[in-house]
1. Tell me, what % of the accessible area of segment 1-159 is carbon and sulfur with a 1.4 angstrom probe?
2. Going down the table (Lys5/Lys124; Lys9/Lys116; Lys9/Lys85; Lys85/Lys124), which pairs top 20 Å between alpha carbons?
3. Translational diffusion coefficient, Stokes-Einstein: compute it for segment 1-159 using the Kirkwood radius over C-alpha pairs as Rh, at 20 °C and 1.002 mPa s, and state it as an integer in µm² s⁻¹.
4. Compute the accessible area per residue over segment 1-130, keeping the other protein chains in place, probe 1.4 Å, unit Å².
5. Would you pull out the residues with amide H under 5 Å of Thr90's amide H, same chain only if 5 or more places away, H placed 1.01 Å from N?
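The values are calculated or read from the model by the stated rules, or taken from the named source; none is laboratory data. What you see is a predicted model, and the numbers here were worked out from it, not measured in a lab. Note: accessible area is taken over every heavy atom of the protein model, side chains too, but ligands, DNA and RNA are not part of it. Shrake-Rupley method; radii C 1.70, N 1.55, O 1.52, S 1.80 Å.
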Amino acid sequence: MTRDKEVWKQMFQELMREVKPWHRWTLRPDKGLLPNVLKPGWMQYQQWTFARFQCSSCSRNWASAQVLVLFHMRWSEEKSRGQVKMRVFTQRCKKCPQPLFEDPEFTQENISRILKNLVFRIMKKCYRGRFQLTEEVPMIKDISLEGPHNSDNCEACLEGFCAGPKQVTSLPQSQTPRVYSICKVEEGVEPWASRKRVCSYTLQKHICRSVSIFCCCVILIVIVVIVARTAI
């Protein structure tokens, strides 16, 4: 996290400027952050994601789909400023006798997806806006993982906070993942996807539902007519 913190900060501010260009938001790491331990006025968002690790002692590499990323956020309407504190929980090598806890290494794609989900939560919790889509962007793991999660070497598990992976999707590298948009209805914000695509999907769904209802009505009328003629 130390090596990537500027990437996280810059990407977060760019995403926030897309939806709230006149408001100032900051993101900073905080190793002392704990789940469900909140100061007054702060709100929480946590996410499990995929990342890779490398042992600083033996150089062993491993991957995990159960990396906990914790956010605490606060919004000041009077100052038009918001703060986000972030903690990424670490893991240690299971092969070394006295291993150190190592920071995870994220792909740019998963950093982007984590922060898009964070911005989505900020817009819902701090601005209480209505959205066309309520789905979070799923994380991606680039390899198939075997065996159970190694809870004995997971910092979140050892501290009693690891509850299981959330929205970690296994996809081939050649397949383009689906990214959901965050569209604010009343302000028309479209930061990550075209509204036309969303409206098209909604229209198709509505047409299919209408056709199904019509077919059911026709079948019911035919049955009634047959029954009536039989009775006569």
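1. C and S atoms contribute 45 percent here.
2. Correct reply: Lys5/Lys124.
3. 128
4. For segment 1-130, the solvent-accessible area averages 52 Å² per residue.
5. Those lying under 5 Å, H to H, from Thr90 are Glu155, Ala156.
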